[in-house]
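Structure first, then comments.
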Amino acid sequence: KAIHSPNFSFLGESTPMRFYDRLSEDMVTEGLLPRFNIIEYDGIRVPFNKNHHLNARIPQDLKDRLSSFAAYCLSMNERNEVTNVTYSEDAEKYLDEIDRTADDKINGTADEVERTLWNRVHIKVLKLSALVAVSRNMYNPVISYDDVDFAYKLILQNTLKIVSRFKNVEDETEDAYEKELVRVLKTFTNKSCTVTDILQDKVRRDK
């Protein structure tokens, strides 16, 4: 059976070191990574709350609202209908400003990773702020300025974090190449050393 307007959502968690070690520039330029919203906690480890099972309670009104929301979505989906999300005037101005900022970032760098990541910022802010608006009013969702502000701060933090990670990797690689070059030059300038000695040393290091 055909699926109209298919979409896929994925939620996962990992440790930063394991996660970032497996990222590559290809994941960015091919469009996979820019579609993720990555939230990283880099604060302190907080004390264990032994009473969490007593204090953590989902309010009944929240349960009711989520149930109604899920039922409404299923009903709309069965009829293949949608509800258009609009935005307030000040929200529209904020979104336009974000779009221009993304243009400036993309046009102001030759780094393809950074360009690709910024290319998704505006659309990701639109999607997230729309989701917030729908959660507030599923029947007539209107994106507010605060919705856009919340979404942009989250997406911006995510984007800058990923850009920083890739730049750090590039800097570390360049430092490694520079150190290796200096080492080889020092070895080569040693009069008692021959080119053969340098090649043999390189082979030993590779092994």
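Points worth noting:
- Computed extension length for residue 48-residue 146: 32.0 nm, one decimal, from 0.36 nm per residue of separation with the Cα-Cα distance subtracted.
- As a ratio to 2.2 N^0.38 Å, the alpha-carbon radius of gyration for the range 50-147 is 1.47.
- If you sort 32, 11, 23, 95 by accessible surface, 1.4 Å probe, largest first, the order is 11, 32, 23, 95.
- Ranked by solvent-accessible area (1.4 Å probe, protein heavy atoms only, all chains present), the residues 72, 94 order from largest to smallest as 72, 94.
- Potential lengthening between residue 93 and residue 3 on full extension [0.36 nm per residue; Cα-Cα distance subtracted]: 28.9 nm
- With all protein chains modelled, accessible area of residue 82 [1.4 Å, Å²]: 120
- Taking every protein chain into account, the 1.4 Å probe leaves residue 103 with about 70 Å² of accessible area, to the nearest ten.
- Linear extension gain, residue 68 paired with residue 100, 0.36 nm per residue minus alpha-carbon span: 7.8 nm
- Cα shape, the range 1-119, gyration tensor, a/c 1.5 rule: oblate
- Under the Karplus curve 6.51 cos²θ - 1.76 cosθ + 1.60, θ = phi - 60°, whole-Hz ³J(HN,Hα) for the range 59-75, x wherever Gly or Pro sits: x, 4, 5, 5, 4, 5, 5, 5, 5, 5, 5, 5, 5, 5, 5, 5, 5
- In nm, spacing of pseudo-spin labels at residue 25 and residue 10 (7 Å Cα→C-beta vector): 2.2
- Ellipsoid equivalent to the range 107-161 - semi-axes via the Cα gyration tensor, in Å: 27, 10, 8
- Rounded to the nearest 20, the size of the Cβ-charge dipole of the range 104-165 about its Cα centre is 180 debye, with Lys and Arg at +1 and Asp and Glu at -1.
The values are calculated or read from the model by the stated rules, or taken from the named source; none is laboratory data. What you see is a predicted model, and the numbers here were worked out from it, not measured in a lab. Because the Cβ atoms are built from the backbone with ideal geometry, glycine has one as well, and the counts that use them run over all protein chains shown. Each accessible area value is taken on the protein alone, full model and side chains, heavy atoms only, with ligands, DNA and RNA left out. Shrake-Rupley method; radii C 1.70, N 1.55, O 1.52, S 1.80 Å.
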